[in-house]
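The values are calculated or read from the model by the stated rules, or taken from the named source; none is laboratory data. Because the structure is predicted, anything quoted here is derived from the model rather than measured. Virtual Cβ from ideal backbone geometry, glycine too; neighbours counted across all protein chains shown.
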Amino acid sequence: MVVESSRPDPDVLADFVRIAHATVWCSLATVDRRQRPRSRVVHPYWELTGPLGVTGWLFTRPTPLKLAHLAARPHVSCSYWSPTQDTAVAECDAEFADDETTRRKVWEIFEAAAPPLGYDPRILGAADHRDPAITVLRMTPWRLATLSGAWRRTVTR
């Protein structure tokens, strides 16, 4: 059964975060200048931002390719597939958030979360949240879909 809605359903949001945080790693796709998808494996944290939303946070290296892809097309697709066959997909607007406050917040989110979702961000080679070797990517979903067993739910903004 498929449920489509333009109004975020708190149950879909909670289900998405549950699957994403249990799975931890996802495939994140951007689009290159030739309109081809480019995927990489990443480790986001999804923050419930009240009953009407969720925001994804990701530390990433600001590679020239990633910067060019997101400058031309500021959208990403995040796809999770757990060993229990649960899936979660977020189609998102994406933007770099390099201000001091956001960097500190995301650093603290990852430090405070229990492993394996949480980790010490220094493993990325950064000395602290201000290190230019890493940047923060903020992801704001316009579409979420989850599949647990035979039940699929989708929310579209």
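What's the number of the condition R157 fails, among (1) surrounded by 13 or more Cβ atoms within 10 Å (Cβ to Cβ); (2) at pLDDT 90 or above; (3) within 25 Å of V31 (Cα to Cα)? Only one criterion in (1) surrounded by 13 or more Cβ atoms within 10 Å (Cβ to Cβ); (2) at pLDDT 90 or above; (3) within 25 Å of V31 (Cα to Cα) is unmet by R157, namely (2).
The residue of region 30-68 that is surrounded by the fewest Cβ atoms within 10 Å (Cβ to Cβ), among those that are within 30 Å of D9 (Cβ to Cβ) and of a type in the set (S, T, N, Q), is T49.
Note on region 69-126: among residues that are of a type in the set (V, I, T) and closer than 14 Å to V17 by Cα, the one that is surrounded by the fewest Cβ atoms within 10 Å (Cβ to Cβ) is T87.
Within region 54-70, no residue that is under 14 Å from R40 (Cα atoms) sits with its Cβ atom under 6 Å from a residue that is buried (at least 18 other Cβ atoms within 10 Å of the Cβ) and among the basic types (K, R) at 6+ positions apart or across chains. Of all the listed residues (T84, T30), the sole one being closer than 24 Å to L147 by Cα, over 16 Å from the mean Cα position of the chain (by Cα) and of a type in the set (V, I, T) is T84.
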